[in-house]
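Before any comments, here is the structure.
Quick note: the coordinates plus some simple rules give every number you see, no bench work behind them. Since the structure is predicted, the reported quantities are computational estimates derived from the model, not experimental observations. Backbone-built Cβ (ideal geometry, glycine too); neighbour counts: all protein chains shown.
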Ligand SMILES: Nc1ncnc2c1ncn2[C@@H]1O[C@H](COP(=O)(O)OP(=O)(O)O)[C@@H](O)[C@H]1O
Ligand SMILES: [Mg+2]
């Protein structure tokens, strides 16, 4: 579904990603874990067309997307749920969700899609008229996910959804990602919460200083000495 080959990019003259290769097959739940500053957000922004690659290629559903505009990439069925939620804070839940349905393909069906999103996040329905900025951190993350689903994506790329949330809410967010995956949505999750991520995803990549240091099934990575020492504190 998604294939990245030899990807390098950065900001100005500073290179952040080095010759990166990564694949996500349809129906998989893949994670990319790494410390703060490793280049995780840069990678997701490059996939969604916000940052242009210096070299390498990104293919989605058999089509090169690294030369496309970000809105055309959303149209193809790839939704980026950004780090820090990036909600329209002075708009209601319902209005934020509608903003996610802007691709022509999905605008007409926005009412039905919103019903589906409300079925996944009942708490959003109860608060549909409430302003986004008045929601708790966990509810804001749910709204960011709901808005990302309004474009009816086939692949969701999601940046640190657990960041800043209380442990109980973090578990809830991971449960929701598991349910989305069961609904048939392919997921590429970026996280610093290595423990919970390796317990949830099928397969993961470990990003260190802009390079893939290690990859494999989550079972394999949980047992790797390097992962245990560097990320799990064991
Ligand atoms: N807009 C930017 N301009 C310049 N450098 C940036 C910018 N955004 C991120 N960086 C740098 O790129 C590197 C990787 O950052 P980032 O992709 O945000 O990492 P992560 O998401 O893994 O924490 C860091 O060294 C960071 O300082
Ligand atoms: Mg980041």
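Which value, in Å³ per residue, describes the convex hull spanned by the Cα atoms of segment 135-197?
Working: hull volume 4.7 nm³, N = 63.
Residue-normalised Cα hull volume stands at 75 Å³.
Could you give the angle, 0 to 90 degrees to the nearest 10, between helix 137-149's Cα long axis and the longest principal axis of the Cα atoms of the chain?
Between the helix axis and the principal axis of the chain, the angle is about 90 degrees.
Please find, in a Gaussian network model of the chain (springs between Cα atoms separated by less than 10 Å), the residue of 45, 94, 63 whose mean-square fluctuation is greatest.
Top of the fluctuation ranking is 63.
Return one number: the angle in degrees, 0 to 90 and rounded to the nearest 10, between the long axis of the Cα atoms of helix 110-120 and the longest principal axis of the Cα atoms of the chain.
70 degrees
At 25 °C and 0.890 mPa s, grab the translational diffusion coefficient of the chain from Stokes-Einstein with a Kirkwood Rh over Cα pairs, rounded to a whole number in µm² per second. Each step should come with its number before you reach the end.
On the way: Rh = 18.0 Å.
Answer, rounded: 136 µm²/s.
Using a 10 angstrom cutoff on alpha carbons, build the Gaussian network for the chain and name the most mobile of 23, 52, 108.
Comparing 23, 52, 108 in the GNM, the peak value goes to 108.
Which of rounded, prolate, oblate describes segment 88-146, given a ≥ b ≥ c as roots of the alpha-carbon gyration tensor eigenvalues and a/c under 1.5 marking rounded, otherwise prolate only if a/b is larger than b/c? Intermediate results must be reported in sequence, preceding the final value.
Numbers: a/c = 2.09, a/b = 1.51, b/c = 1.39.
It is prolate, given that a/c is not under 1.5 and a/b is the larger ratio.
Treating the angle as unsigned and between 0 and 90°, give the value, to the nearest 10°, between the Cα long axis of helix 167-182 and the longest Cα principal axis of the chain.
Here the helix axis deviates by roughly 90 degrees.
Is it possible to state the helix-based mean residue ellipticity at 222 nm for the chain, with each DSSP H run of 4+ residues giving -39500 (n - 2.57), the sum divided by total residues, to the nearest 500 deg cm²/dmol? What is it? Write out the running numbers ahead of the final one.
Values: 11 runs with 89 residues, N = 234.
The per-residue figure over the chain is -10500 deg cm²/dmol.
Determine, at each q value in 0.09, 0.13, 0.15 (inverse angstroms), the log₁₀ of I(q)/I(0) that the Debye formula gives when each Cα of segment 4-134 is one equal point scatterer.
So the normalised log intensities are -0.34, -0.69, -0.87.
Under a GNM of the chain (C-alpha, springs under 10 Å), which listed residue has the highest mean-square fluctuation: 42, 113, 67?
Maximum fluctuation in the GNM of the chain, among the listed residues, is at 67.
May I ask you to sort 66, 159 by Cβ crowding, counting other Cβ atoms within 10 Å and putting the fewest first? Mind dumping the intermediate values first?
On the way: 66 19, 159 24.
So the ranking, lowest neighbour count to highest, is 66, 159.
What percent antiparallel are the DSSP beta bridges of the chain, to the nearest 5? Could you put the intermediate results ahead of the total?
Numbers: 21 of 39 bridges.
Beta bridges within the chain, antiparallel portion: roughly 55 percent.
Take each of the peptides 185-198, 129-142, 163-176, average the number of other beta-carbon atoms within 10 Å over its residues, and list them starting from the highest. Write down the numbers at each step before the final one.
Details: 185-198: 21.4, 129-142: 17.2, 163-176: 15.1.
Those peptides, ordered most packed to least, come out 185-198, 129-142, 163-176.
With contacts defined as alpha carbon pairs under 8 Å and 6 or more residues apart, what's the relative contact order of the chain in percent? Walk me through the numbers before you get to the answer.
Details: 437 pairs, mean separation 63.6, N = 234.
Once divided by the residue count of the chain, the mean separation gives 27 percent.
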